[in-house]
Amino acid sequence: MSTEIRVPAVGESISEVFIGEWYVNEGEWVDVDSNLVGLETDKATFDVPAPAAGTITKVLKQAGDSADVGELIAELEEGSAPDGHDAGGQARGKSEASSSGGGASSSDGDVRVMPAAQRELSQRGMQAGDVRATGPGGRLLKEDVMRGAAAGRASSNGAGGGPREERRVRMSPIRQTIARRLVEAQQTAALLTTFNECDMSAVMSLRKQYQDEFTKKYSIKLGFMSFFVRAVVDALNEYPQVGAQIEGDELVHRNYCDIGIAIGGGKGLVVPVLRNAERMSFAEIELAIAEYAERAQQNKISLEELEGGTFTISNGGIYGSLLSTPIVNPPQSGVLGMHSIQDRPVAINGEVVIRPMMYLALSYDHRVVDGKEAVTFLRRIKQVIEDPTRLFLEV
């Protein structure tokens, strides 16, 4: 019996998707519920599972094509597993990846190609066997493909100057949305950025003192982000205007803090939201962020987890950024930029000492937030980070 594979409904406002990566080819047999293809929207990505076990007979939409919700993208002929196939096994692609610790099988010996690496191979017209795998268990990583491509270019240029090339890759819906929203923010909001710096000594000392106990109890390390989330919540309680948003000719104030955390995902930057962060403990914050980060790399963040948010935190320091001016995520009115921690000489009580310092940047919509509020909001974050006992004493 032939079964149609159609684009499922993914949200009230979503009418079109972008075909990402096919995990199976025509003629391949798949298990029920094994993932067939990755679809992308302007907010998130998700997989389409096989509704029944059988053989993929037709693939009607290729990677890079667009498709409407409900449109036919493939056909599957139901049937029993062919000889030599493990009836309890998984189809080639992400389902096999999940059962083997991540990554798809390759025909090149024991190499397992991670999804991001497979996309990079496809875009560059390369094969897995062209690149040396360096990942755990012989897995081929995206970085391996990029190094292999760079080495190939260097070799070609060294042999008399190879041909000049350019490569065109269609922007994914997520990247298009990121571009549109960033331009929209610059054009519609009165953006301004104020800066400060904070001494990270106290937070670093607390982390060092309690790291082992914290990790043992919660199975997660105590990071810097939980301190900053709690500091932002504290500052929003003191200066709620920074969390207000414009809707028409009204300012909307909320008595809760939904904090967006900017995370680099497999398809680009995503900002999943910590709902009611004012109620979350340090451990709950760290666990939630760690889960979001893992699922962002797998493009598993849902639309609901990206929507809303009263304020955003972006940590460019993990990439080595010393100072930046983050862009507000509309319709929010503020975003905090964290940066690298560097040992710098500072004057304390008339003496020059070396302290681990971090620059902080607060970008805000001047239509909503006055300069005084923005400056005092950021100064409050500085005070709390430099003396984190304030978080517990509420002073």
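Computed quantities for the displayed model
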item	result
Leu336 vs. criteria in a loop (DSSP other than H, G, I, E, B) and of a type in the set (A, V, I, L, M, F, W, C)	no
Boolean, Lys217 is part of a loop (DSSP other than H, G, I, E, B), assigned by TED's automatic domain parsing to the domain that holds Leu323 and charged (D, E, K, R)	no
Residue count, region 113-149 (criterion: closer than 16 Å to Trp22 by Cα, buried (at least 22 other Cβ atoms within 10 Å of the Cβ), in contact with a strand residue (DSSP E or B) (Cβ under 8 Å, 6 or more places away or on another chain) and not small (Gly, Ala, Ser))	5
Unmet requirement for Pro345, which otherwise passes all of (1) buried (at least 17 other Cβ atoms within 10 Å of the Cβ); (2) assigned to a strand (DSSP E or B)	(1)
Contacts under 6 angstrom Cβ, first residue in region 305-328 being on the phi > 0 side of the Ramachandran plot, partner among the acidic types (Asp, Glu), 6 or more apart	Gly308/Asp258; Gly309/Asp258
Answer residue from region 216-244, given it is among the small types (Gly, Ala, Ser) and surrounded by 13 or more Cβ atoms within 10 Å (Cβ to Cβ) and is farthest from Thr310 (Cα to Cα) among those	Gly223
Output for region 371-395, where each listed residue is over 27 Å from Ile318 (Cβ atoms) and either β-branched (Val, Ile, Thr) or exposed (fewer than 12 other Cβ atoms within 10 Å of the Cβ) (or both)	Gly371, Lys372, Thr376, Leu393, Glu394, Val395
Residues that are surrounded by fewer than 15 Cβ atoms within 10 Å (Cβ to Cβ) and at pLDDT 90 or above, drawn from region 181-194	Ala190
Number of the condition not met by Asn255 [criteria: (1) at pLDDT below 95; (2) outside any loop (DSSP other than H, G, I, E, B); (3) over 24 Å from Gly320 (Cβ atoms)]	(2)
Top-ranked residue of region 245-264 - restricted to ones that are buried (at least 22 other Cβ atoms within 10 Å of the Cβ) and not β-branched (Val, Ile, Thr), ranked as farthest from the chain's Cα centre (by Cα)	Cys257
Long-range neighbours under 6 Å by Cβ, at least six apart or interchain, first residue in the same structural domain as Val145 (by TED's automatic domain parsing) and under 21 Å from Val169 (Cα atoms) within region 105-127, second of a type in the set (Lys, Arg) and at pLDDT 75 or above	Met114/Arg139; Ala116/Lys142; Ala117/Lys142; Glu120/Lys142
Conditions (1) surrounded by fewer than 16 Cβ atoms within 10 Å (Cβ to Cβ); (2) touching an Asp or Glu at 6+ places or on another chain (Cβ under 7 Å); (3) over 16 Å from Ser333 (Cα atoms); number of the one not met by Glu213	(2)
Exclusive hit being in contact with a strand residue (DSSP E or B) (Cβ under 8 Å, 6 or more places away or on another chain), in contact (Cβ under 8 Å) with a residue 60 or more places away in the chain and outside the structural domain of Met114 (by TED's automatic domain parsing), set Ile285, Ile354	Ile285
Yes/no for Val375 being over 17 Å from Phe224 (Cα atoms) and in a loop (DSSP other than H, G, I, E, B)	no
Qualifying residues in region 274-297 (those that are crowded, with 20+ Cβ neighbours inside 10 Å and modelled with pLDDT under 95) - the one farthest from Ile19 (Cα to Cα)	Tyr292
Filtered residues of region 14-61 (kept if among the small types (Gly, Ala, Ser) and either crowded, with 21+ Cβ neighbours inside 10 Å or farther than 16 Å from Ser172 by Cα (or both))	Gly20, Gly27, Ser34, Gly38, Ala44, Ala50, Ala52, Ala53, Gly54
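The values are calculated or read from the model by the stated rules, or taken from the named source; none is laboratory data. Please read these numbers as outputs of a predicted model, since none were measured by experiment. Don't worry about glycine lacking a Cβ; one is built from the backbone with ideal geometry, like all the others, and counts go over all protein chains shown.
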